[in-house]
Structures are given as structure tokens and as C-alpha cells.
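Enquirer: Here's a structure for you.
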Amino acid sequence: MSLKFFLKKFSKKYYPVLLILPSLITVLILVAYPLLISLQTSLYEWTYGTSWSQAKYVGLKNYYWVFFGGDYLFYNSLQLTIIFVIIQVLGSFIIGIFFALLLDKLPRGGEIITAFFIIPMVMMPSVVGLMWRLYFTYDGFVNYFLEIFFGIKINWFSINYALIALSIATIWMTAPFFILVFYAALKAIPQEPIEAAQIDGASEWIILKDIKLPMLKPIILITLIMRTIEAFRSFDVPYIMFGGGPGSATEILAIHINRVAFSFRQLGAGSVLSLFLIFLIIIMCSFLIKQLRETWRF
Amino acid sequence: MKKRVFISVGVIIVIIAILITYFFWPRFEKPKTEVQYPNEVYEWARKIKEKYSGTTLTIAAVAHPSTEAFKVLTPDFESLTGIKVKWVVYEEISYFDKIMLIVTGEEVPYDLMYTCAEIIPGFASQELVIPIDDYLANKELTPEWFGFNDLIPAYVNYMKAAGKLYGIPFAGETIFVAYRSDLFAKYNKEPPKTYEELLELAKFFHKREEGLYGVSIRCAKSWEAAWSWISFTYGFGGKWVDLETLTPKFTSPETINSLKYFVELTKYGPPGIEAFSFEEAWSAFQTGKVAILVESTAAAPGIEDPKKSLVAGKVGYVKFPKGPAGEAAGVWGWGLSIPKGAPKEKREAVWSLIVWLTSELNVDRYLENGGIVTRLSPLKKMKNPYDKAILDTLEAANSPLSQELLKAYTLPISFEMTGIVSELTSRAITGELTPEAACEQMNTSIEELLKPYR
């Protein structure tokens, strides 16, 4: 085997690997390394504000503390997180698809209107949080309209309504993402099957259900995966609006991790919670990715 | 003839000498400032300028009325010393979470930072801030016009740990009661002297008129609920921790009763009180929605500012009421401290800025621009309607119960203890937990924290 032949074979086999290598190294440094550090920290009792040399190895004590009762708010936070993610993702998705379909029906001007939908997306989350915190005050913007139309005023800062208020604010911020993506996807759908269905007398609902939505399925799944990950990681708006309160009404996992790690100064337990959150996101997303693969296979 | 020439030449020489002296005599030009200061100030500033002109100092601050007042004092400092001052202002609610992360690093990007009573013991024991006693003793760096002895001792003490001073207090706060004197006169009521009277008055005024509520007090989960509750705990005879045995005392009947009382009091607040931070509690009173405000004395200047407050001129102030066990009033507040990780070569410049911002010389300008008092001289002038109430509360802060209250903050775990207590107090306020259950949980959690220190 000549050297020339060997190099040709080698480059054919490993050339793609070489191309991927820089990205792979970057990912390993930026993702895998912090993850390993978190894993290591989770096995130590380390008080926030002290040096690493003062940290004490405690084995699985932090895991025991989090999962078996020491962290009395963990299961409550987990439950709240799941409710919050479902409300936020489903709410944004339904609003997104509804408005995208409406815009698609417009004969003209859809592009201009979509430009307005970008505004909530480009606003800084901290500003969104502050703005909605003011809107939801008892004499604020939301209650003003509720009083005019329904004659009621709600204490949005009470334990019963805080999570709803938070969900509304986050849906307002995230729904435009769905609108833009779905609107672009609807515009890209080939018109032939729709026209054929219209000639055959199919109703709008049938066209939507049997043609448009199946064609949108891959994009729906990808956006749902992205939004689910984002929803699990939500921190800025919830933190600015309620800081996890009142009581434990909005203490979702991201807020709880912050509280345990930085207010209670238990970095080890905070790492356990962070790893658990990553694990949870992976589980939820692997289910959606499986669905996506099946769609592509189909 | 010869004599006349001699005299003329002599006169000309003298005139030339005078002119040369006038034009070429080395002189110190006073820099342009917004206010004219005594000569010794310019002399002090000249020495600083020689060493540090062109230096930039960065301050980690919180959004607070005193920060705005400091910003008014800064341009003159910059003109006098040639030092540039850069303010980085954080929201109060998240300040310590962020600053803790920054100051524990090897290189701290801030030359100066805000600290407060609650964190000084912890920061001092971890050596995150440096003691300033040497700077204070240096007469050249700390001139007479700084007026250290004019600072209220109760406020200076909260910046101390293990006998050393770790900062200069600039926004001293005690808790007091502001009440709507017009409403009290209308319904023929007297301001509260005891906890019981406070609760009765809150009940009385709650929804007495349309849009009127009884009381406003901070209850937010971050650390503010704990701040409000501890103000009542010691007056009930309760305590958070027995400092001699380092055991938590949250389940003592007095402590539980104080939480029950506090939770009951919040029921007579405006809707949303369960999430009220200082700004919201303050604003509810300023907009005339509540009859009584139980708050930090830092709220007072804003209440009397007609540009910010609808109730300015219609408010009376009294010291914090007495509990069943006696008077107890906490003393808290902000201070300026030097982070240990900050560049060492700039420390004298940093100290000069501390001296400038917190001096007796500038105190009137500082207060006129919304700064919060930590000095005796302005309070003794009694220029403001709230000065007497502040002095009375400061006197109450010397009581044994008050001293015990303040010692709770000297524990090395005070930062995390406040976080835990605040979270559980918030859950008691919302009704998620009964006061008994909240106290039980506090006891368990704080017991875990205290174990390693026994």
C-alpha cells in the first residue's frame, strides 16, 4: 500500500472528524467541563463565599438531603416547575399557531404585523419581569381592564394567582417565537395538496387537520423541544417578578437552585439540584426528539 | 542727582520685584466646584490629587435614595481630586447574591462596595473586606472635617466585627411608625405606643374608607419578611437563637406568638402585601392607600417630599411601639467598605472618597438630596418632622432587648439564617404554613446550620 493511497484513504475516513473536532473541543470545554465540576461539587459540603480548600467531601449526603426530606421545598418546586412548563409551552404554542394561521389568511400585510410580534422577543427579560410586575399590581394595568370588563380586581400577588400571573407574562414573551416560526413554515407549505383538497370540497378544518398540521409536525416538534428546554431553565422573569414568592407560590426549580446555592449558601446541594434539572430536561426532550425522529422516518 | 537716580532705580527694582512676585509666585488655584469649601478641604484635595489624579474608582452600589445623594456629591470630588468615580448600581433584592460571587474572587473589579449590618460579621470573618481603623487614625487622610465622632455610635457599631471597624455607615435605619395624622385627627385616634395598639389601629383603619387599608409593611420573601418579623420577635420576649448555647429558639412560645402577631398584622394591609418589598410598602403609604406605615426610617424623606408623596405634610411619626416584654428596635443600614480583593495601590484614593461622601462637611448636601442620616448633628437640629421619632427609636435601640436583637446578626450564619427565616415567614404570611409549623421548620433548618459552630 503506497503512502499516497494510505493518505487518501485516511483523509477520506477522518476528514469529517477533523472538521467536527474544533466544535467538539469547544463543546467539551464549555459543557462537559462545567458538568463534571458540578458533579464533583455535588459530593462536597461547600459554603458559598468560602474557598474550595474549605470544602468537605461528604459523599452522597447532598443527594440524600435533596431527595429525602432535608430540602423541604424540593418536591413542591418540582411540581410547580412541571405545571409552569406545561402552561407556558402549551399556552405559547396554542397562541402561536392560532395567530400564525390568522396571519396566513391575511391577503397582505402579514410580514408587517409579524414585525410587531418581535418586540416581546427582543425585550430584555429583566425589563419584561419588571413591566409585568407593575402591570399585575392591584391598581395596575391588568386589574384596570378586568374591572372595566368584568367588574373584578384580582390580587395577583397572592398565593393563588402568582403562578398564573407569571405564566401570562412568560407566554407574552415566548408566544411570538411560535408565531414567527409557524407563520414562516405555513408560507413554505406547497400549495398543490391544499388546492387539490379544496377542489375535492375539503373544509378549512380538514385542510388544517389533515394537510397543514402534519406538514408542520417536524417544525412543531423542534420548536416544542426548544421552548421546553427554555421553560425549564426560566429564571430571569420569575426571579424579577416574584423571586419565588409569595410563600413558595412561584419557587420553580431554577429559583430554588439559586436560593439553595446562594441564599442558603449550600453549593453542594445547589449542584445536586442543577444536575437533577439537567437530567429532567434531557428526559423530557428525549421523548420529544424520539417523536421527531419518527416523523422524519415517516 | 546721583541720589535721585539711585532712588529711581531702587523704586523701579522694587516695582519689578513686586510684579514678578505677583505673576510668578507659585500659587494653588482652587478647582471649580459647585460649592465653596473651606481652604483646608482644598489643601486636603490637592495632596490626593498629586498622588491619584487620573485614577478611576468603581463602586458597587444599590438603588437607594442615598446613592442618588452620593451622585450629587461626586462631581465636586472629581474636580477637586482629579479622580474619576464610576457607579455600578444593582437592585437591592439581588445585590448580595451578586456581590458575594464577585468579592470571593481573587481580583475584585470594585474598589469600594456597599455593605450592611447583616453581612459585616460574615464578610469580616472570611476576610472579604478590610478593617479601616488605620485609615481613620491617619490625620492626614482623615481630616477634622470628616467628623467621625458625630456618627451615631449605634450605626458605627453595626460596621464593627471582632473589635475592628469594617466600614463607614452612611444610611442608618431604624424601624419606626409613620401615620396619617389627618386620618388620626379625623377619627380622634392616638398614635400607637404598644404592639397591641398598633394592631387595633390597623384593624380600625382597614377599609374604613374606600381604598384605605390599615397598615403597610415589607413582607417580600427575599430577606424582607425576616427583617419585619424580627422587629417584633424580641419585643415579645422571643428570640431567634440563644447566643450562649448557639441553639435555635424559634419554637419558644414567645417567638411563635410574635410570628402569629406579625401574620395577623399583615392581614390588615393592602392586597399584594405578601410580596411587598421596601419600595412597595413605601409607595402604598406615599399614595395615601394606608393609614400606618411600619418601616425603616429611610422612608421618611420620601414621605415628606411633595414631588414623590401625596401625603407629604399630613404625616406624624412615632418611635417603634413597645412589646409585651419591653422596647426592642433594631438598627440596620448601609455602609461603605473596601473589598480585600480590590487593587491595593488605590486604597488611599478609595478612603478619600469614603471620607468625602460620608463627611460632616457634606452632610447637609447629602441629606438635602435624599440621603439617609447616620449623624447626630442633623438630627439634633430637629429640622424635619421625623427627626424626633428617629432619635427616640435610636434611644430605644440601646435597650437590652434591642442589643440582643442586634447580636442575632453577628452570627456567622446570619446571611443564610435570614434567607431561611424569610422564606418560612413568607409562607406563614400567605397561609401556606401555620406560624407554629413555620417556626418548627425554622428550628430544624437553623439547628443544622448551627451544629458546626458549637
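Enquirer: Would a scan of the range A:70-91 turn up a residue that is in contact (Cβ under 8 Å) with a residue 60 or more places away in the chain, of a type in the set (Gly, Ala, Ser), more than 14 Å from chain B (Cβ to nearest Cβ) and in a helix (DSSP H, G or I)?
Expert: Looking for residues that are in contact (Cβ under 8 Å) with a residue 60 or more places away in the chain, of a type in the set (Gly, Ala, Ser), more than 14 Å from chain B (Cβ to nearest Cβ) and in a helix (DSSP H, G or I), one finds at least one in the range A:70-91, hence yes.
Enquirer: For the range B:97-117, name all the residues that are more than 14 Å from chain A (Cβ to nearest Cβ) and either over 25 Å from B:Val156 (Cα atoms) or free of Cβ contacts under 8 Å to residues at least 60 places away in the same chain (or both).
Expert: B:Glu107, B:Pro109
Enquirer: Quick check: anything in the range A:204-221 away from chain B (no Cβ under 14 Å), closer than 30 Å to A:Phe157 by Cβ, crowded, with 16+ Cβ neighbours inside 10 Å and out of contact with any Gly (no Cβ under 6 Å at 6 or more places or on another chain)?
Expert: Checked the range A:204-221: no residue is away from chain B (no Cβ under 14 Å), closer than 30 Å to A:Phe157 by Cβ, crowded, with 16+ Cβ neighbours inside 10 Å and out of contact with any Gly (no Cβ under 6 Å at 6 or more places or on another chain).
Enquirer: State whether the residues of the range A:254-273 include one that is modelled with pLDDT under 90, under 19 Å from A:Ser38 (Cα atoms) and polar (S, T, N, Q). Step through it out loud before you land on a result.
Expert: At the first step, the residues of the range A:254-273 found to be modelled with pLDDT under 90 are A:262-265.
Going one step further and asking which of them are under 19 Å from A:Ser38 (Cα atoms), we end up with A:262-265.
Now narrow it down to the ones that are polar (S, T, N, Q): A:263.
Looking through the range A:254-273, at least one residue is modelled with pLDDT under 90, under 19 Å from A:Ser38 (Cα atoms) and polar (S, T, N, Q).
Every residue, every condition in (1) modelled with pLDDT of 95 or more; (2) surrounded by 13 or more Cβ atoms within 10 Å (Cβ to Cβ), yes or no:
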position	(1), (2)
A:Ala115	no, no
A:Ile119	no, no
A:Val122	no, no
A:Trp132	yes, yes
A:Phe136	yes, yes
A:Gly140	no, yes
A:Asn143	yes, yes
A:Leu146	yes, yes
A:Trp156	yes, yes
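Enquirer: Going by the structure shown, is A:Ala185 surrounded by 13 or more Cβ atoms within 10 Å (Cβ to Cβ), at pLDDT 90 or above, within 17 Å of A:Asp236 (Cα to Cα) and of a type in the set (A, V, I, L, M, F, W, C)?
Expert: no
Enquirer: From the set of residues in the range B:425-440 that are within 31 Å of the chain's Cα centre (by Cα) and not charged (D, E, K, R), which is surrounded by the fewest Cβ atoms within 10 Å (Cβ to Cβ)?
Expert: The selected residue is B:Pro435.
Enquirer: While we're looking at this one, here's another question. Given the structure, is A:Glu230 acidic (Asp, Glu), away from every other protein chain (no Cβ under 14 Å) and over 28 Å from A:Ser158 (Cα atoms)?
Expert: no
Enquirer: Oh, and also: From (1) within 17 Å of A:Gly245 (Cα to Cα); (2) among the hydrophobic types (A, V, I, L, M, F, W, C); (3) under 29 Å from the mean Cα position of the chain (by Cα), pick out the condition that doesn't hold for B:Ile413.
Expert: With respect to (1) within 17 Å of A:Gly245 (Cα to Cα); (2) among the hydrophobic types (A, V, I, L, M, F, W, C); (3) under 29 Å from the mean Cα position of the chain (by Cα), B:Ile413 is out only on (1).
Enquirer: Which members of the range A:120-163 meet the condition of being closer than 17 Å to A:Ser92 by Cα and free of Cβ contacts under 8 Å to residues at least 40 places away in the same chain?
Expert: A:Val122
Enquirer: Of all residues in the range B:75-96 being within 11 Å of chain A (Cβ to nearest Cβ) and either part of a loop (DSSP other than H, G, I, E, B) or surrounded by fewer than 18 Cβ atoms within 10 Å (Cβ to Cβ) (or both), which is modelled with the lowest pLDDT?
Expert: Step one: of the range B:75-96, the residues within 11 Å of chain A (Cβ to nearest Cβ) are B:91, B:93-94, B:96.
Next, only the ones that are either part of a loop (DSSP other than H, G, I, E, B) or surrounded by fewer than 18 Cβ atoms within 10 Å (Cβ to Cβ) (or both) stay: B:91, B:94.
Details: B:Glu91: 78, B:Ser94: 72.
Out of the qualifying residues, it is B:Ser94.
Enquirer: While we're looking at this one, here's another question. Might you check whether a residue that is under 12 Å from B:Thr393 (Cβ atoms) and among the hydrophobic types (A, V, I, L, M, F, W, C) occurs anywhere in the range B:302-315?
Expert: Initial filter on the range B:302-315 (under 12 Å from B:Thr393 (Cβ atoms)): none.
The answer is no; no qualifying residue exists.
Enquirer: So which residues in the range A:25-63 are more than 14 Å from chain B (Cβ to nearest Cβ), assigned to a loop (DSSP other than H, G, I, E, B) and buried (at least 16 other Cβ atoms within 10 Å of the Cβ)?
Expert: First pass over the range A:25-63, keeping only residues more than 14 Å from chain B (Cβ to nearest Cβ): A:25-44, A:57, A:59-60, A:63.
Applying the additional criterion that residues be assigned to a loop (DSSP other than H, G, I, E, B) yields A:42-43, A:59-60.
Listed by number, the residues that qualify are A:Ser42, A:Leu43.
Enquirer: Being surrounded by fewer than 17 Cβ atoms within 10 Å (Cβ to Cβ) and away from chain A (no Cβ under 14 Å) is the filter here, so list the residues in the range B:118-142 that pass it.
Expert: B:Asp133, B:Asp134, B:Ala137, B:Asn138, B:Lys139, B:Glu140
Enquirer: From the set of residues in the range B:394-433 that are free of Cβ contacts under 8 Å to residues at least 40 places away in the same chain and under 24 Å from B:Ala124 (Cβ atoms), which is farthest from the other protein chains (Cβ to nearest Cβ)?
Expert: Step by step, filter the range B:394-433, then rank; the result is B:Gln403.
Enquirer: Right, another one. Within the group B:Val350, B:Val355, which residue is more than 18 Å from the chain's Cα centre (by Cα) and not assigned by TED's automatic domain parsing to the domain that holds B:Ile230? Explain how you work it out, then say what you get.
Expert: Numbers: B:Val355 fails: more than 18 Å from the chain's Cα centre (by Cα).
Answer to the selection: B:Val350.
Enquirer: Answer yes or no: is there a residue in the range A:233-255 that is in a helix (DSSP H, G or I), away from chain B (no Cβ under 14 Å) and over 21 Å from B:Arg427 (Cα atoms).
Expert: Looking through the range A:233-255, at least one residue is in a helix (DSSP H, G or I), away from chain B (no Cβ under 14 Å) and over 21 Å from B:Arg427 (Cα atoms).
Enquirer: Might you check whether a residue that is touching a residue at least 40 places away in the same chain (Cβ under 8 Å), surrounded by fewer than 17 Cβ atoms within 10 Å (Cβ to Cβ), away from chain A (no Cβ under 14 Å) and assigned to a helix (DSSP H, G or I) occurs anywhere in the range B:350-365?
Expert: yes
Enquirer: Inspect the range B:395-414 for any residue being modelled with pLDDT of 90 or more and surrounded by 23 or more Cβ atoms within 10 Å (Cβ to Cβ) and give the result as yes or no.
Expert: Taking every residue of the range B:395-414 in turn, none turns out to be modelled with pLDDT of 90 or more and surrounded by 23 or more Cβ atoms within 10 Å (Cβ to Cβ).
Enquirer: If I ask for residues that are more than 12 Å from A:Thr81 (Cα to Cα) and touching an Asp or Glu at 6+ places or on another chain (Cβ under 6 Å), which ones from the range A:239-270 would you list?
Expert: A:Pro246, A:Gly247, A:Phe262, A:Phe264, A:Arg265, A:Gly268
Enquirer: Could you please find all residues in the range B:206-224 being modelled with pLDDT under 95 and not in a loop (DSSP other than H, G, I, E, B)?
Expert: Residue satisfying the conditions is B:Glu224 alone.
Enquirer: Here's another thing I want to ask about it. Using the structure shown, decide if B:Ser231 is modelled with pLDDT under 95 and part of a helix (DSSP H, G or I).
Expert: Criteria met by B:Ser231.
Enquirer: Next up: Given (1) at pLDDT 90 or above; (2) closer than 26 Å to A:Ser158 by Cβ, where does B:Glu279 come up short, assuming only one miss?
Expert: Exception for B:Glu279: condition (1).
The values are calculated or read from the model by the stated rules, or taken from the named source; none is laboratory data. Small disclaimer: the values here were computed from a predicted structure and weren't measured. All Cβ positions, even for glycine, are placed from backbone atoms using ideal geometry, and neighbour counts span all protein chains on display.
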